[in-house]
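The values are calculated or read from the model by the stated rules, or taken from the named source; none is laboratory data. From a predicted model like this one, the values you see are computed outputs, not experimental measurements. A quick note on method: Cβ atoms are made from the backbone with ideal geometry, for glycine too, and the neighbour counts reach across all protein chains shown.
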Amino acid sequence: MSEIKVNKISPRTACGTVQLGDSGDTFTIPSGATINNQGTATNFGATGSASWVTTVKTGDFTAVAGEGYFVNTTSGEVDVTLPAGTAGAVVAIKDYAGTFDTNKVTLVQNGSDKIGGSTVNGSLTTEGIAVTLVFIDAVQGWLVTDSGLQDEAPTATFVTATGGTVTCCGNFKIHTFTGPGTFTVSCAGNAAGSNTVDYLVIAGGGAGGGHGGDGATVGGGGGAGGYRFSNGTASGCYTAGPAPLGASALSVTATGFPITVGGGGTSGFPGNCAPASKGSNSIFSTITSTGGGGGNGAGMTCAAKGNGGSGGGGRGSPSPVAFGTGNTPPVSPPQGNDGGSGIAPKQGGGGGGAGVAGAPGDPSSPIRGGGGNGLTSCITASPVARAGGGGGANTGTAPNGGTGGGGAGPPSTSGGAGTAGTVNTGSGGGGGPHTYPTPANGGAGGSGIVIIRYKFQ
């Protein structure tokens, strides 16, 4: 075996052609050797590879073996005539604008060369598709050896939306609704970027129960509005606690999502044997948070209950009084807690909060009649407590409303009315005090809120 060692091989004439061997010859590249191509290689390399032409094709053309083409059919259908078939020849086609489903590409036979064993032309009609064809023999002709869609290796896209008051935290956007509106999604994104949203949906809180002007009744605190949330699963795992784990994030589509923000229950003396006004529901997509139950008040002998997202507290009277039940209707994770029971005489129970139940009107308890505490969320980037239960009216020191905006219940003989729950927290109002023989109102419930958060870049 002879060996030639040179640094450069050039044609005899300028811009000439150098041929290596003849048909049937074999050239071996040993293991460890490297071919560094800094020019254009045509029909070179492993079978199935193509050198891509970067000038986009918009009209009919004849393909050259060994080349790949980006084809834009936005303006109309395009015919691609395949080259004359030789074993191992390669042609590749890619949908440039994602329009093959609207305007197809027709693969035109060259003479009698078959396409996939057929004597008819082929068609590319799938949006975003890329195909590689290799000519194998006269029996099968051109065969597809590789195909795929852009979705199989997607470019990251993110949720794009409008509505409410929009703020940013790093790579995340937060939409806050303090009243009705529409969360309008113009781009639903994809899994490589974002395609889900986190949420906090709080209903309106219930009003505190009123004093009916009888001899011994005081009002229970209003229950907090239902508190439903996802726990940062879509947007940076923000803190949402202390609480059980929230639900999973919601998938979205490119559409408008009407937003309902529930109002708080209205204060006033509701009439004999009826709980105070319940809060209204808040709604986003498939999530409905139930308004908080109103606190019990009014007559001495009945046992009306204010059920809801969180339950209203029982009134303080000579007869046993049931408290309102929370998480009504039931959802998982729970949206609220029960109210506290009222105890005779003049010891109203606290309304339930999103975090814990309302305290009973027990004089031996340091928090007798206190509203149940709410929950703290950092969905807006800063920790904010919401959805506290209203305090029941009581003898002695006024019971506090629960953390998160619950209204306080005044001392039972102080006169006046219960304190309202804080607006846009879904907190319950405080119970009305004993002001015999004059009726006294409980505090109004606080309105709810809807907050939506997602990754936008």
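Within the range 255-273, if we keep just the residues that are of a type in the set (A, V, I, L, M, F, W, C) and at pLDDT below 95, the residue that is surrounded by the most Cβ atoms within 10 Å (Cβ to Cβ) turns out to be PHE269. Filter the range 274-301 down to residues that are in a loop (DSSP other than H, G, I, E, B) and over 16 Å from GLY431 (Cβ atoms) and give me whichever is modelled with the lowest pLDDT. Result: THR301.
Taken as a whole, the range 348-370 holds no residue that is in a loop (DSSP other than H, G, I, E, B), modelled with pLDDT under 90 and under 25 Å from the mean Cα position of the chain (by Cα).
To keep it simple, each residue is scored yes or no on (1) within 30 Å of VAL64 (Cα to Cα); (2) touching a residue at least 24 places away in the same chain (Cβ under 8 Å); (3) not in a strand (DSSP E or B).
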| site | (1), (2), (3) |
| --- | --- |
| THR106 | yes, yes, no |
| VAL120 | yes, no, yes |
| SER123 | yes, no, no |
| THR157 | no, yes, yes |
| ALA161 | no, yes, no |
| THR167 | no, yes, no |
| SER194 | no, yes, yes |
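In summary, GLY306 fulfils each of the numbered conditions (1) at pLDDT 95 or above; (2) buried (at least 24 other Cβ atoms within 10 Å of the Cβ); (3) of a type outside the set (S, T, N, Q) with the single exception of condition (1).
Just one residue in the set SER75, SER147 is surrounded by fewer than 18 Cβ atoms within 10 Å (Cβ to Cβ), hydroxyl-bearing (Ser, Thr, Tyr) and touching a strand residue (DSSP E or B) at 6+ places or on another chain (Cβ under 9 Å); that residue is SER147. Within the range 48-72, being of a type in the set (S, T, N, Q), at pLDDT below 95 and in contact with a strand residue (DSSP E or B) (Cβ under 6 Å, 6 or more places away or on another chain) holds for one residue alone: SER51. When THR86 is tested against (1) in a strand (DSSP E or B); (2) surrounded by fewer than 18 Cβ atoms within 10 Å (Cβ to Cβ); (3) in contact (Cβ under 8 Å) with a residue 40 or more places away in the chain, exactly one condition is not met: (1).
If you go through the range 371-386 and pick out every residue that is in a loop (DSSP other than H, G, I, E, B) and in contact (Cβ under 8 Å) with a residue 60 or more places away in the chain, you end up with 8.
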